[in-house]
Amino acid sequence: MKKSGILNADLNAGVSRLGHGDLVVVADCGLPIPSGVPVVDLALVHGVPRFVEVLDALLGDAVFQECIAATEAEGTEAGSWIDQRFPERRSVSHEELKVLSAGARLFVRTGEATPFANVVLVCGVPF
């Protein structure tokens, strides 16, 4: 048994398959899931698990070189969460974020019910 890091088997497997440049979506429970993108659905009930909990777990297990978030998140609670972790994030419209999510290698759905708690992460390398 693993003693640390991501314990969810499906999420752990998905993260293990990622490579440089791959896209990972961490989404609230309302973002549409694009057809054909592998999904790890962690949502249990509204608010569980939280967006920040899942995001922090991923940040502890993988390297990301870029974060893309919706401009609509700026000045919101979700925007503050994202800015705390990615001060240099790139912003696109919420509609563009949905289009980008169709190219994701992994889509992680949380139980978050806070508007615009969604990011597209671009995988980096640890060297």
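Annotations for the structure displayed:
- When segment 110-127 is filtered for residues that are open to solvent by 50 Å² or more (accessible area, probe 1.4 Å) and either free of Cβ contacts under 8 Å to residues at least 40 places away in the same chain or closer than 17 Å to F86 by Cβ (or both), the ones remaining, listed by number, are F116, F127.
- Which listed residue, of L97, L106, is open to solvent by less than 20 Å² (accessible area, probe 1.4 Å) and out of contact with any Asp or Glu (no Cβ under 8 Å at 6 or more places or on another chain): L97
- When the test is whether a residue is closer than 17 Å to A104 by Cβ, part of a strand (DSSP E or B) and of a type outside the set (F, W, Y), V25 passes it.
- Total residues in segment 22-39, condition over 17 Å from F116 (Cβ atoms) and open to solvent by 40 Å² or more (accessible area, probe 1.4 Å): 4
- Matching residues, segment 64-76, being open to solvent by 10 Å² or more (accessible area, probe 1.4 Å) and farther than 21 Å from L42 by Cα: Q65, E66, T71, E72, E74, G75, T76
- Candidate set: segment 48-63, residues that are small (G, A, S) and surrounded by 15 or more Cβ atoms within 10 Å (Cβ to Cβ); chosen: the one nearest to T110 (Cα to Cα): A57
- Checklist (1) more than 14 Å from the chain's Cα centre (by Cα); (2) at negative phi applied to G5, failing item: (2)
- Residue among G14, G19 that is assigned to a helix (DSSP H, G or I), closer than 14 Å to A104 by Cα and open to solvent by less than 50 Å² (accessible area, probe 1.4 Å): G14
- Taken over segment 74-90, residues that are touching a Leu at 6+ places or on another chain (Cβ under 9 Å) and more than 25 Å from G19 (Cβ to Cβ) amount to 1.
- The condition (being among the polar types (S, T, N, Q), open to solvent by 40 Å² or more (accessible area, probe 1.4 Å) and free of Cβ contacts under 8 Å to residues at least 12 places away in the same chain) is satisfied by just one residue among S91, S80: S80.
- One residue alone among A27, A43, A69 is farther than 21 Å from R90 by Cα and touching a Lys or Arg at 6+ places or on another chain (Cβ under 6 Å), and that residue is A43.
The values are calculated or read from the model by the stated rules, or taken from the named source; none is laboratory data. Computed from a predicted model, the values in this text were never measured in an experiment. We place every Cβ from the backbone using ideal geometry, glycine too, and count neighbours over all the protein chains shown. Remember, those area values only see protein heavy atoms, side chains included, never the ligands or the DNA or RNA. Shrake-Rupley method; radii C 1.70, N 1.55, O 1.52, S 1.80 Å.
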